[in-house]
Number of protein chains: 2
Amino acid sequence: MILVSVDDHVIEPAEMFDHHIPARHKDRAPRMVKSPAGDDMWSFEGQLLPNVGLNAVAGRPPEEYGFEPTRLSQMRKGCYDVHARIGDMNANGVLASMCFPSFPSFAGRLFVQTQDKELSLAVLRAYNDWHIHEWAGAHPGRFIPLALLPLWDAKLTAEEIRRVSRLGCHAVTFSANPVDFGLPSIHQPAWRPVWEACSEEGVVLCMHIGTGGPLPFLSPEMPIDASIAATPVSIVNTAADWLFSQVLRDHPGLKIALSEGGIGWIPYFLERCDYTYQHHRAWTHQDFGAKQPSDVFREHVLTCFIDDAVGVTLRREIGLENISWECDYPHSDATWPRSPETLARSLAGVPDAEVDLMTHGNAMRWFQLDSFARLGRPSCTVAALRAQAKGVDLSLLRGQGGKPPSASRRPVTMADTMAQLAGALDGQASPARR
Amino acid sequence: MILVSVDDHVIEPAEMFDHHIPARHKDRAPRMVKSPAGDDMWSFEGQLLPNVGLNAVAGRPPEEYGFEPTRLSQMRKGCYDVHARIGDMNANGVLASMCFPSFPSFAGRLFVQTQDKELSLAVLRAYNDWHIHEWAGAHPGRFIPLALLPLWDAKLTAEEIRRVSRLGCHAVTFSANPVDFGLPSIHQPAWRPVWEACSEEGVVLCMHIGTGGPLPFLSPEMPIDASIAATPVSIVNTAADWLFSQVLRDHPGLKIALSEGGIGWIPYFLERCDYTYQHHRAWTHQDFGAKQPSDVFREHVLTCFIDDAVGVTLRREIGLENISWECDYPHSDATWPRSPETLARSLAGVPDAEVDLMTHGNAMRWFQLDSFARLGRPSCTVAALRAQAKGVDLSLLRGQGGKPPSASRRPVTMADTMAQLAGALDGQASPARR
């Protein structure tokens, strides 16, 4: 088995901007600071950003998961140190990984909101340069680089897509609903330069859950488990918006990825979209020509799953070429460090060629990843990588976290999680757990 | 084949309150009035409610579907006349139907918002008495009666559940998120009398899409098709909230129905809930005892589908006893008057006993419908009912609608639909289409 994960997360290290920010912006680059309580936070343009390690709990025993940590020292080094990350990937048999940002938010909302757009652009480019050269570049063939975009300006965004493409980066993170960032919807012509740049450069727009569109929040008392269970499929709204937009039909070369959305619901969704088209097109004036919406989906959309036996069973109804796998390291949904064993259960009985497409082939093709040429295919298997991980310490990380989300044994709610995050900002959430 | 539909809609007729409102409230009961432009609207407590026929387009050619009509005369008589409705049901081979309200909204939000709660309660009870006696009661065995609830007061709600249960009504319409009505969440102990009344009386809480929780609205330019495609699965948020709440585990006899939610996504959802439970329970403190969340779902939740081949294929992963069918007459998603033919395609190859459960058996058991005892099973089949429909005029209803949602041939957007609805309120949306 060979594993390529299209959705993991990097916790940015303190020194990331040291070598990439232009001299005139150096003093105003984001800095990692210590709060009076000893927490690590990013400071940028007068804001304190406490989510230095949002849900980065890999390696903890599950009873100590939570939406802190607030200090790098509370996490595995693999969260923020690329060499340690390679060790953690090896321990899990993962050949390559695409890592979403943390402190700027998954799609860079922070930089859209920054007032000084010249500064914002300089910082964003520095981020991308660090990510491409120092993070992904440190171990060629082991990462799918992923760039942030200056979404407040479509022309700058198109330029950045072309710039990072020249640097070998074929994935960019985009909002699941730009309107939530205060930007035009995907239906506005303003975005056309972006769609063209992606099409021409073969760069995939990746839309991670939680970067726009409605989320499952019904009340503060909603159990956190309900939110965890229902959040991935919330990307269905983005999928529907794109599928019935003119954008995909107008740009045959444009590719998009639904990041952390799961796959088992896709066959239902495609049937529903085709039904909607056949049943309503006469009055809604949709025109897919000789195709159905499900055909257009399969031409343009890459999906991914962590562990999804229903989706694997229905792989032909999704599209064998449209499925990829993710680990979600270091977040609490991750299967690290037992991904191969977890996956083997869902993949039992699936022909090898189809396993290969879902576990790495599709991801490598969509994102132009050349690991086999660089490393030789025999070095890329789970077994070969794990053989290199002998020195990686997998003992559980106990007692490293901040305070637990709920003081009592009652089920944890959305309100508990919000309080835990807000507490981090007050510098009050991090008395050691014991 | 025998068909029982658990989700249709009644367009309330003008005279509905004539026989049921107490004398002292008679002057303040909702009245149907004509706007200056000739549209029918309900008038109640100083409000004009234009959605007299929200999406009641059965019988129109699809190119004339829309979110008007605004006059009873623009609809099939079966929308608001129970005897004509029986004709339309016969023409479609439908034995029995559960009809959600229209002008008070699907879950009675109107009555929650009314200031004078004594009046509101009187009107709501009159509505239920009309629905149970005059609508469902006009043709015994042909309807599953469905009552509205005075949701602003849990004690009154429990009393109304017990009252309608004594009248033979075993279904009530409840909000998919009461917080959206300004009410406590389902996790609050305030609701306990309601859960107890339902459990003790065998009354099912039905939660229709659109009655609470996040909906797929990303921007005004979002294609209406995207919203139509993605709205049913939005009930996933409600399903997750209930499943991880303590309510179902604390009330083993409580039953809920997800109305118009579709079914093909349920196997993914149940796998995801079980994964979430196994993966996160150590820190979220959830406790399902010896069960998994999917077990609790199957003990408590009835689902339904219009046409859903993926869901039918996965019926065992959903639960053979948890699936029912709906027609959605007279809304634009309905398969009327060709439901048997549409269904036959999705049900091809399914054993008869399983078809029977999904098409009527489960619905009759969950809602205690006694059509076979009343009418004799041979009279209940599609063929027998259609034989009674010889006089029903099925010719298309052309040129009856208000103005089309979009003046041009470009695809219809959310904004177009909103303008069509708002235009109805201005009395400006209903110049005849030709």
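The values are calculated or read from the model by the stated rules, or taken from the named source; none is laboratory data. No experiment lies behind these values; they were computed from the predicted model shown. Cβ placement follows ideal geometry from the backbone for every residue including glycine, while neighbour counts extend to all protein chains displayed. Side chains included, ligands, DNA and RNA excluded: accessible areas come from the protein's heavy atoms. Shrake-Rupley method; radii C 1.70, N 1.55, O 1.52, S 1.80 Å.
In the context of the full set of protein chains, residues of the range B:297-423 present 42 Å² of accessible surface per residue (probe radius 1.4 Å, heavy atoms only).
From zero up to wherever the largest Cα-Cα distance of the range B:73-174 sits, split into 5 Å bins and tell me the percent of pairs in each. P(r) for the range B:73-174, in whole percents per bin: 2, 13, 23, 23, 18, 11, 7, 3, 0. Computed about its Cα centre, the charge dipole of the protein assembly as shown is approximately 60 debye, with only Lys, Arg, Asp and Glu carrying charge at their Cβ. Counted residue by residue at 0.36 nm each, then reduced by the alpha carbon distance between them, the extension gain from residue B:278 to residue B:373 reaches 29.7 nm. Burial here means at least 10 square angstrom less accessible surface with every protein chain in place than with the chain by itself, probed at 1.4 Å; in the range A:208-222 the buried residues are A:214, A:215, A:216, A:218, A:219, A:221, A:222. Inter-chain Cβ neighbour count for B:254-267, averaged per residue, equals 3 (cutoff 10 Å, partner chain atoms only).
Value of Rg to Rh for chain B, rounded to two decimals, is 0.95; Kirkwood radius and Rg both from alpha-carbon coordinates.
Farthest toward the positive end of the dipole of chain A, out of A:212, A:229, A:140, is the Cα of A:140, where the dipole comes from beta carbon charges about the Cα centre. Maximal additional length on extending the residue A:365-residue A:246 stretch stands at 40.3 nm, based on 0.36 nm per residue less the C-alpha distance.
A Förster radius of 30 Å combined with the Cβ-Cβ distance from residue B:398 to residue B:18 puts the calculated FRET efficiency at roughly 0.35. DSSP beta bridges fully contained in the protein assembly as shown are about 30 percent antiparallel. Taking every Cα-Cα distance in the range B:195-291 and sorting them into 5 Å bins starting at zero, the pair-distance distribution P(r) comes out as 2, 11, 18, 20, 19, 15, 9, 5, 2, 0 percent. With protein chains left intact and a 1.4 Å probe, residues in the range A:65-195 average 28 Å² of accessible area per residue. Hey, can you grab everything whose amide H is under 5 Å from the amide H of residue B:323? Only 5+ residues off in sequence or another chain; H modelled, so Pro and N-termini drop out. Amide H to amide H, under 5 Å and 5 or more residues apart or across chains, residue B:323 pairs with B:303. About its Cα centre, the dipole of chain A is roughly 660 debye, where the only charges are +1 on Lys and Arg Cβ and -1 on Asp and Glu Cβ.
Where both bridge residues fall in chain B, DSSP classifies roughly 30% of the beta bridges as antiparallel.
Hey, for a label at residue B:28 modelled as a point 7 Å past Cα toward Cβ, could you say which residues of the range B:93-136 have their backbone N under 17 Å away? It comes to B:110-127, nothing else. Shielding by partners for peptide B:313-324, expressed as the average number of C-beta atoms from other protein chains within 10 Å of each residue's C-beta, is 1.
Projected label points at residue B:352 and residue B:190, each 7 Å from Cα along the beta carbon direction, are separated by 5.2 nanometres. Summarising the overall dimensions of the range A:1-54 from its C-alpha atoms, the Rg and Dmax are 14.7, 48 angstrom. In chain A, a dipole from Cβ-located charges (positive for Lys and Arg, negative for Asp and Glu) runs towards its positive end, and of A:329, A:387, A:417 it is A:387 whose Cα lies farthest in that direction. Within the accessible surface of the protein assembly as shown, defined with a 1.4 Å probe on protein heavy atoms only, the carbon and sulfur portion equals 53 percent.
Note: relative contact order over the range B:278-346, using C-alpha pairs below 8 Å and six or more positions apart, is 28 percent. Charging the Cβ of each Asp and Glu at -1 and of each Lys and Arg at +1, and nothing else, the dipole of the range B:1-140 about its Cα centre rounds to 200 debye.
Taking 20 Å as the cut-off, the amide N atoms of the range A:189-225 that come nearer than this to a point 7 Å along the Cα-to-beta-carbon line of residue A:159 belong to A:190-203. Stretched out straight at 0.36 nm per residue, the stretch from residue B:410 to residue B:388 would grow longer than its current Cα-Cα span by 3.7 nm. In whole Å, how far is the Cα centre of the range A:357-414 from that of the range B:111-166? Spelled out, the Cα-based centre of one part sits 55 Å from the other.
Treating r as the C-beta distance of residue B:133 and residue B:84 and R0 as 30 Å, the FRET efficiency rounds to 0.95. In sequence order, the range A:214-230 has phi-based couplings of x, 10, x, 10, 9, 6, x, 7, 4, x, 4, 4, 5, 5, 4, 5, 9 Hz under the Karplus curve 6.51 cos²θ - 1.76 cosθ + 1.60, θ = phi - 60°, and Gly or Pro positions carry x. Where does the Debye-calculated log10 I(q)/I(0) of the protein assembly as shown sit at q = 0.05, 0.06 Å⁻¹, using only Cα point scatterers of equal weight, no solvent? Taken in order of the listed q values, log10 I(q)/I(0) reads -0.29, -0.42. Amide H contacts of residue B:60 (H built 1.01 Å from N, in plane; Pro and chain starts excluded): B:397 sit under 5 Å, all sequence-distant by 5 or more or on other chains. Computed over chain A, relative contact order equals 23 percent, with contacts defined as Cα pairs under 8 Å that lie 6+ residues apart.
Interface area, chains A and B: about 6000 Å² of buried accessible surface, summed, with a 1.4 Å probe and ligands, DNA and RNA left out.
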